[in-house]
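K.L.:
Can you keep this structure in mind? I'll have questions shortly.
The values are calculated or read from the model by the stated rules, or taken from the named source; none is laboratory data. Not measured: the values here are computed from a predicted model. Here the Cβ positions follow ideal geometry from the backbone for every residue, glycine too, while neighbour counts run over all protein chains shown. Note: areas computed on protein heavy atoms with side chains; ligands, DNA, RNA excluded. Shrake-Rupley method; radii C 1.70, N 1.55, O 1.52, S 1.80 Å.
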Amino acid sequence: MISLWPELAYTDSFFDDIWLTWLQMTDPGNMNQDNVAPTWLKITTILSGVIGVVILSMLIAFITTALEKVFYNFRKGRGKVIEENHTLILGWNERVVDIIRELILANESESYASIVILSDEDKEEMDDLIAKRIPDKKTTSIITTTGDYANINELKRVSIKAAKSVILLANCSESAFQDEKINSDVQSVKSIMAIISCQDGKNELPIIAEIFNEDKRELIGYFHDENIIALDSWEIMGKLLVQTSLTSGLEMVYNEILSFDGCEIYFYESNWNNISFGDLPLHFKDGIPLGVYNEEDGMTLRPGRDYKMKSEDQIIILAEDDSTINFETQSIHEFSKIELIDTKLEQGQKSILILGWHSVAEIFISESADYLTEGSSFDIYFKNPNEEFINRVEELKTIYSEFKITLTDADPLLMDSLQATNPFDYDNIIILSQEFNEQRADRIDSDTLIILLLLRKIKMATPDVHTKIITQVLNSDNQEIITQTDVDDFIISNKLITMILAQLSEEPLIMKFYEDIFSEDGSEIYVKSIQLYTNQFPLKTTFGDLIGLADLRDEICLGIRKGNQSKNADENFGVTLNLDKNQVIELDKDDFLVVLSEDEL
C-alpha cells in the first residue's frame, strides 16, 4: 500500500485504514497530507471529509437543539418542581406580591422554606416583578413556573401532593366585567377539582380560593371540606369599611393582627385544671385569650369570665409567636382594681359621603344596616354616572329604605366640585375608584391621592372638624405616601386581604375567627375611648389591670392606642397590642383601649 505520509511506511492493517478515514472525516484539514496519494485515494478522502462535515453538522445541530429546548423550558418554567412542604400559589394577580411578603415573614423562623407559583403568566415577567418588588427573600426560595393550573399534569409537575397548602388566586381584578369574573370562578372551581383528583379523590391540603360569585362559593361548599375555603375579598372589605368608619384606629389594629409581622392569632391547648376563662390572662406571660374552641361546640369568643375550661378546649389567643405561648400554673399578675364608671355611647345617625364608586360600596351600605341607626345618610358623588349605575342606586334606595341614599353627578377630582359638597359636614368620607372601567391599581391610587390633597386644603380653612376620612388604597407600596395626607384611617385593601389569605394557608381554622369578628352578630374589635371606663386622669396602671378593667364591661382588652401618636407612622399610629401584663402604662383622657366587645357603645 502506498503511504499517505511519505516519511511513514503503511501497514496493511484494516483498522489503520479506518483510523485514517476517521481523521479525514473529523478534520478535513488532514487532506493536505494526501498530496502524493493516488487519485482514487484522494477521491475517497474528499468523500470522507464531506461526509464528516455533514455528520458533525448534524451532531452539532442536535446538541444545540437539545440545549435550546432545555434552556427554553427552564426560561419558560416548564421543568419539574421537586420542592416539598412548599406553599403553592396558583394564578397571578395584583395581590401576589403582598402574599409572598407575608409568607416570607411567616417563614422567617425556618432555615429553609419555599413558595412555588404556577400561572399562565410569562416566567421571566414574574421573576422580574418579584425581584424588583421583593429584593430580600430571607430564608424563602421563590420558584415560578408557567402552565395551566387547572390541568392535572401541570399540578403533578409542581409536586402538588408534597405541598403544604394552596392559595388559588382569581385571574382578574374586582373591577373586571362580570363575564371575566365568571370565567375566573369557573377556572378556580376546576382547579380545586383537579387538586382533589391529584390526591386520589381525598383532599388533605388547605385550599384558599378567591371566588367572586356566591353561587360558585356555594358550589365549593358541596365538598363539605373545612380545608377548602372560598373567599369573597370585597365582602370582607365592605365589612372592614363599616367597622373602620365606626372606630378610628381599627385599621392599624387589623394590620398587626392579620400580619405575620407582630402579634398573631393562634390556637393553643393545655391541661387547664378546670380554670375559669376570666383568670386565663393572668397565666400567660405572652398572650391574651380571646375565646375557646372545641369540635363539639365550635368557636365562642368572649365566653364569659365564669366559663370553666374543659380538657378538650383550645383557646384562641393573641400572642407574639406560637413558641412563646405557655400556660403557667401560677398567676403572673394580681389585679389592682380600678373603679369602673361604665359610660355608654349613644348610637346616633351617621352622615356618610362616598366619593366615587365600587362594588365594595354596595357591601358597605348592606353591612351598615346592622350597625347604623335609621335615618343615616349616604351621599354618593360620581362623575357622569351611566344609566345602569343610576338604576342600581334607585334599587338600593328601595332595599334600604331606612337610609337616605342620594346620587349626585359631580367630579371629586375638581376643587370647586369637591368644595361644593361641604365634605367636612359629614361624619365620614369614603374615597373609592373614580371610574367604572377596570384600571391599574396605581391609577386608582393616584386619583385617591389627589382627592386627599384637595380635602386637606379644604380642611385648612376649617381646622376644627372631626370627620373621619377612609380611603381604599390598592397598592400597598403607596401606604407611606398616603400617610402624609393626614388621612384618619386608610384601608390597604390588597394588603389586608393578602394577610388573610396567607394566614389561612398556614391555619385554615382561623377562618372561624374571621367570620365572627367581621360579622355584626358576635364579637368585634373596637378602639374605645378610655373615658368610657374611668375618669381618673392621668391614669397610671399596669396592662394587666386594664385587662381587669375591661373585663368589668364583659370585654377583653387587647392593647392601647395613644391619642398623641395617632398621626405617627413610626409609632404604629399609637397602637400597641399584647403588652406585658406587669408593664406600667400612663393614660390620659385622649387615649384609647383596644377591646374585643359586643358593640362599639
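K.L.:
Condition test on Ala37, is it farther than 24 Å from Ser233 by Cβ, at pLDDT below 85 and part of a helix (DSSP H, G or I)?
P.N.:
Details: farther than 24 Å from Ser233 by Cβ: yes; at pLDDT below 85: yes; part of a helix (DSSP H, G or I): no.
Spelling it out, it is not the case that Ala37 is farther than 24 Å from Ser233 by Cβ, at pLDDT below 85 and part of a helix (DSSP H, G or I).
K.L.:
Asn572: within 20 Å of Glu320 (Cβ to Cβ), open to solvent by 10 Å² or more (accessible area, probe 1.4 Å) and part of a helix (DSSP H, G or I), yes or no? Please lay out each step first, then the result.
P.N.:
On the way: within 20 Å of Glu320 (Cβ to Cβ): yes; open to solvent by 10 Å² or more (accessible area, probe 1.4 Å): yes; part of a helix (DSSP H, G or I): yes.
So Asn572 passes the test.
K.L.:
Quick check on Gly91: is it modelled with pLDDT under 90 and either closer than 21 Å to Leu258 by Cβ or surrounded by 14 or more Cβ atoms within 10 Å (Cβ to Cβ) (or both)? Even if it seems obvious, please write down each step before you answer.
P.N.:
Values: modelled with pLDDT under 90: no; either closer than 21 Å to Leu258 by Cβ or surrounded by 14 or more Cβ atoms within 10 Å (Cβ to Cβ) (or both): yes.
Judged against the criteria, Gly91 is not a match.
K.L.:
Could you grab me the full set of residues in segment 242-265 that are closer than 22 Å to Ser368 by Cβ and either open to solvent by 10 Å² or more (accessible area, probe 1.4 Å) or of a type in the set (Gly, Ala, Ser) (or both)?
P.N.:
Within segment 242-265, Ser245, Leu246, Ser248, Gly249 meet the criteria.
K.L.:
While we're on this one: Just the residues that are farther than 18 Å from Ile497 by Cβ, in contact with an Asp or Glu (Cβ under 9 Å, 6 or more places away or on another chain) and either open to solvent by 20 Å² or more (accessible area, probe 1.4 Å) or polar (S, T, N, Q) (or both), please, taken from segment 192-215. Write out each step before concluding.
P.N.:
Step one: list which residues in segment 192-215 are farther than 18 Å from Ile497 by Cβ, which gives 192-205, 215.
Of the ones still in play, those that are also in contact with an Asp or Glu (Cβ under 9 Å, 6 or more places away or on another chain) are 194, 196, 203, 215.
Answer for segment 192-215, where residues must be farther than 18 Å from Ile497 by Cβ, in contact with an Asp or Glu (Cβ under 9 Å, 6 or more places away or on another chain) and either open to solvent by 20 Å² or more (accessible area, probe 1.4 Å) or polar (S, T, N, Q) (or both): Ile196, Asn203, Asp215.
K.L.:
Please name all residue pairs, on different chains or six or more residues apart, with Cβ atoms under 9 Å, provided the first residue is in segment 216-243 and is within 20 Å of Lys164 (Cα to Cα) and the second residue is of a type in the set (A, V, I, L, M, F, W, C) and part of a loop (DSSP other than H, G, I, E, B).
P.N.:
Going by the 9 Å Cβ cut-off, the qualifying pairs are Glu226/Leu509; Asn227/Leu205; Ile228/Leu205; Ala230/Ile211; Leu231/Ile211.
K.L.:
Continuing with this model, one more query. Quick one: what pairs do we get from segment 535-555, first residue touching a residue at least 40 places away in the same chain (Cβ under 8 Å), second among the hydroxyl-bearing types (Ser, Thr, Tyr) and open to solvent by less than 70 Å² (accessible area, probe 1.4 Å), C-beta under 6 Å, 6+ apart or different chains?
P.N.:
Filtered contacts from segment 535-555: Asp545/Ser336; Leu549/Tyr533; Glu555/Ser597.
K.L.:
Consider Ile229 carefully, then state whether it is touching a Cys at 6+ places or on another chain (Cβ under 8 Å) and either farther than 25 Å from Phe378 by Cβ or not in a loop (DSSP other than H, G, I, E, B) (or both). Spell out the reasoning first.
P.N.:
Working: touching a Cys at 6+ places or on another chain (Cβ under 8 Å): no; either farther than 25 Å from Phe378 by Cβ or not in a loop (DSSP other than H, G, I, E, B) (or both): yes.
So Ile229 does not fit the description; no.
K.L.:
For segment 103-115, what are the residues that are farther than 8 Å from Thr139 by Cα and open to solvent by 10 Å² or more (accessible area, probe 1.4 Å)?
P.N.:
Going residue by residue through segment 103-115, those that are farther than 8 Å from Thr139 by Cα are 103, 105-106, 109, 114-115.
Passing the criteria: Leu105, Ala106, Ser109.
K.L.:
Continuing with this model, one more query. Name the strands (runs of 3 or more DSSP E) wholly within segment 366-450 that hold at least 3 residues that are under 27 Å from Asn494 (Cα atoms)? If you could, list the steps in order and put the result at the bottom.
P.N.:
Details: elements: 377-382, 404-409, 428-431.
Result: 377-382, 428-431.
K.L.:
Looking only at segment 220-235, which residues are closer than 22 Å to Ala176 by Cα and surrounded by fewer than 19 Cβ atoms within 10 Å (Cβ to Cβ)?
P.N.:
Once the filter is applied, which keeps residues that are closer than 22 Å to Ala176 by Cα and surrounded by fewer than 19 Cβ atoms within 10 Å (Cβ to Cβ), segment 220-235 yields Asp232, Glu235.
K.L.:
Another one. Any residue at all in segment 388-397 that is more than 30 Å from Lys589 (Cβ to Cβ) and basic (Lys, Arg)?
P.N.:
The first filter runs over segment 388-397 and keeps only residues more than 30 Å from Lys589 (Cβ to Cβ), leaving 388-397.
This time we only want the ones that are basic (Lys, Arg), so: 392, 397.
Yes, that holds for at least one residue.
K.L.:
How many residues does segment 526-559 contain that are touching a helix residue (DSSP H, G or I) at 6+ places or on another chain (Cβ under 8 Å), surrounded by 21 or more Cβ atoms within 10 Å (Cβ to Cβ) and assigned to a strand (DSSP E or B)?
P.N.:
Going through segment 526-559 one residue at a time, the tally reaches 6.
K.L.:
Which ones in segment 363-389 are touching a residue at least 24 places away in the same chain (Cβ under 8 Å) and loosely packed, with under 12 Cβ neighbours inside 10 Å? Give the derivation first.
P.N.:
Kept after step one, since they are touching a residue at least 24 places away in the same chain (Cβ under 8 Å), are these residues of segment 363-389: 363-386, 389.
Selection gives Asp370, Glu374, Asn384, Asn386.
K.L.:
Please count how many residues of segment 168-191 are under 22 Å from Val97 (Cβ atoms), charged (D, E, K, R) and open to solvent by 60 Å² or more (accessible area, probe 1.4 Å).
P.N.:
Of the residues in segment 168-191, 1 are under 22 Å from Val97 (Cβ atoms), charged (D, E, K, R) and open to solvent by 60 Å² or more (accessible area, probe 1.4 Å).
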